[in-house]
Structure formats: structure tokens, C-alpha cells
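Structure, as C-alpha cells:
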Amino acid sequence: MNSRTGFGEASAYAHPNIALIKYWGNRDAGLRLPVNGSISMNLDGLETRTHVRFSAELSADTLFVNGAPAGASDLARVAEFLNRVRRLAGSDLRAEVQSENNFPAGAGIASSASAFAALALAASAAAGLHLDRPALSRLARTGSGSACRSVPGGFVEWRSGARDEDSFAFSIAPPDHWDLVDCVALVSTGQKETGSTEGHALADTSPLQNARVADAPRRLDRCREAILKKDFFALAEVVEQDSHMMHAVMMTSRPPLVYWLPATLSILHAVRKWRSDGLSVCATIDAGPNVHVLTLRDSAGEVADLLKATAGIQDVLVAEPGGPASLIRG
Ligand code: PMV
């Protein structure tokens, strides 16, 4: 830490998360205030590690992702985020940011959630700010909405809130509350055509979005209750319905967003069949073609094997509930 400026360096890590009740659409795109609340689970074993160093010797912010200089649009997004940190800290020092993911780019796991949660923690600590968890979650939200849910640990709820101050995520149950497992079936590892920032802006062009948003409090209640009671089949019903509602909105937007590939649909059918055969299994899909197949720890090996034997699946990643974003000391 530079004693004259109070600025220094810090490292942090955060896990990505899978939304069980999805966020799709903003009421304020600049602040990323969502039109509906959401619920997610952090994914243990998968993480972004980020190091931030503020220095008077730098004339501009720099960003390296997995050791390579980032492209202009990613750098601009991070620089804008760092501006928020600088405003909070009352400084104009530039920063060097190095970020590494231990999961493949384009793996169908949004790295923006873990990336902005880790960046919020590392950058605020490097800037000498001591933000509490809600403030950290709010800061992460301004980089990527779902990043606010990667700040607390375990099973997490993000209440939409009406203003910046009350739109943050908090833990509703710790990681060891329930042995839910996410088997991520990778159908395609290519870059997606339309990123979520652009996608959120299209949500309102679908006539189905109002109905999806109006019904969100019911789905949130059912999902929260299913998690707290560890009722897998209640969770399965609401998780699949919520995912289908979001994709119905996407597919009916102007222009339409169709993220599914043929194998995406094959997996949805297979999962329904396995569930009707008695297996604890359900599926949810984010803004891409890959399918997050949820199950319980006892069935995870069987589900992963079934998925690997399904045509069109390139690989399966397996993740249990993960903890909060954390500083890396020393
Ligand atoms: O945080 P964003 O802007 O990448 O949006 C995430 C959108 C979904 O992944 C599709 C849903 C969600 O709640 O995570």
C-alpha cells in the first residue's frame, strides 16, 4: 500500500453462479437495476481470480485476461467499472488488472458474474475501501447484473429493489445447506452471438415479458421455499418453468434471440424422461445453448455419465454449491 495515496494492490476470487430464477431485462440499464428479482447458486470449483494494482506510474487502465491483453470493448467496460471505484475512493489513479478463469472461455458459463464479483472485491480493497457485503454486491452489479449474486455465498437471492441502494444480493442458505449439484452439459463452446447486455435491452420488445415479470414473485417464493425445504421436485418444476419463460421472451423479442441448438432440446427431452423414471434431475439454460442439469450429489455420477452418453454433448462440468467472493491474502 502506498502510504501517501492509500492505494495499493489486492487479489480476490469469485465463483460463477447459475440462476435458478432468471434475471432478464433492466428497469435502469446504466445502473443494471433489474425488472425482477432472481435466485442462484454459486458454482464451487469454477472461479475467476483477479489482481488489481493502482499506480501513479500508469497513464491508462490495462486489462489482461488469462495472460493476454483484453479487447477494446472488455477494457472499456472494466475502465468504466474502475471509474466507479475511483469515484468512491476519491482518486484518479489508473489500474492494472489481471484476471484468470479456471474454466474455458465460451464454456457456457458466464464469466462476467465471477469476473465482476472478483474485480469489485479486489479493486475496492486495492483502493483502500472497506465495503460491506451489500455495498460490494451493489458495486459488482454495476459491472454485470448477475455478478451481484456471486458476492455472497451458497444459495443467493437478489431482490430487484427500486434504487441503487436497495438492489443487492444476499445469501439465503450457506453452501452446505443442500447437496445440489450442477452438471453443465457443454453443447457448444463457440462465442455466443448476442451478449446479455444487448439481450436485456430487447426483453421489453417481447409481448410475453410483462407476464413473465408479473409472475416472478410467485416463482421466487416457490424457489426460495423449495431450497429452504430441500424439496427437489418442487425446485425442478419452478426452475424449468422459469427458464422456459425467459427463453420464450428471448425467442419472441424483436429481433428474436434463439440460443438453443438441436442438442439443447435433446437434453431437455432426456432430462424429462430421466425425471419421470424417478431420477432427481432438472434443467435450466442461460443466454447460450449449454444446459445446466441440476441433480443431487448421490445421483451426480449417474447424471454426468448419462449426459456424456447423449449425442451432441462435448463435455460435462460438475459443480457443487460454492462460497462467497473472497480476498486472497499474501
Ligand atoms: O449478468 P448478465 O447481464 O450477464 O445477465 C445474466 C442473464 C442470465 O444469465 C441469462 C440470467 C441470470 O439471471 O443469470
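Observations on the model:
- Total residues in the stretch 85-109 satisfying the condition of being crowded, with 22+ Cβ neighbours inside 10 Å and within 15 Å of the ligand (Cβ to nearest atom): the figure is 2.
- Residue ranges of strands (runs of 3 or more DSSP E) in the stretch 1-60 with at least 1 members more than 12 Å from the ligand (Cβ to nearest atom) and among the aromatic types (Phe, Trp, Tyr): 9-14, 48-55
- Selection count, the stretch 165-192, where residues are free of Cβ contacts under 8 Å to residues at least 24 places away in the same chain and either surrounded by 18 or more Cβ atoms within 10 Å (Cβ to Cβ) or within 16 Å of the ligand (Cβ to nearest atom) (or both): 0
- Note on the stretch 237-280: residues that are under 21 Å from Val303 (Cα atoms) and touching a residue at least 60 places away in the same chain (Cβ under 8 Å) amount to 7.
- Within the stretch 146-160, not a single residue is surrounded by fewer than 21 Cβ atoms within 10 Å (Cβ to Cβ), under 20 Å from Asp28 (Cα atoms) and more than 14 Å from the ligand (Cβ to nearest atom).
- When each of Ile285, Ile267 is tested for being over 28 Å from Ser171 (Cβ atoms), in the same structural domain as Gly312 (by TED's automatic domain parsing) and crowded, with 21+ Cβ neighbours inside 10 Å, the lone residue that passes is Ile267.
The values are calculated or read from the model by the stated rules, or taken from the named source; none is laboratory data. If you're wondering where the values come from, they're calculated on a predicted model, not measured in any experiment. Glycine also receives a Cβ, built like all others from the backbone with ideal geometry; neighbour counts cover every protein chain displayed.
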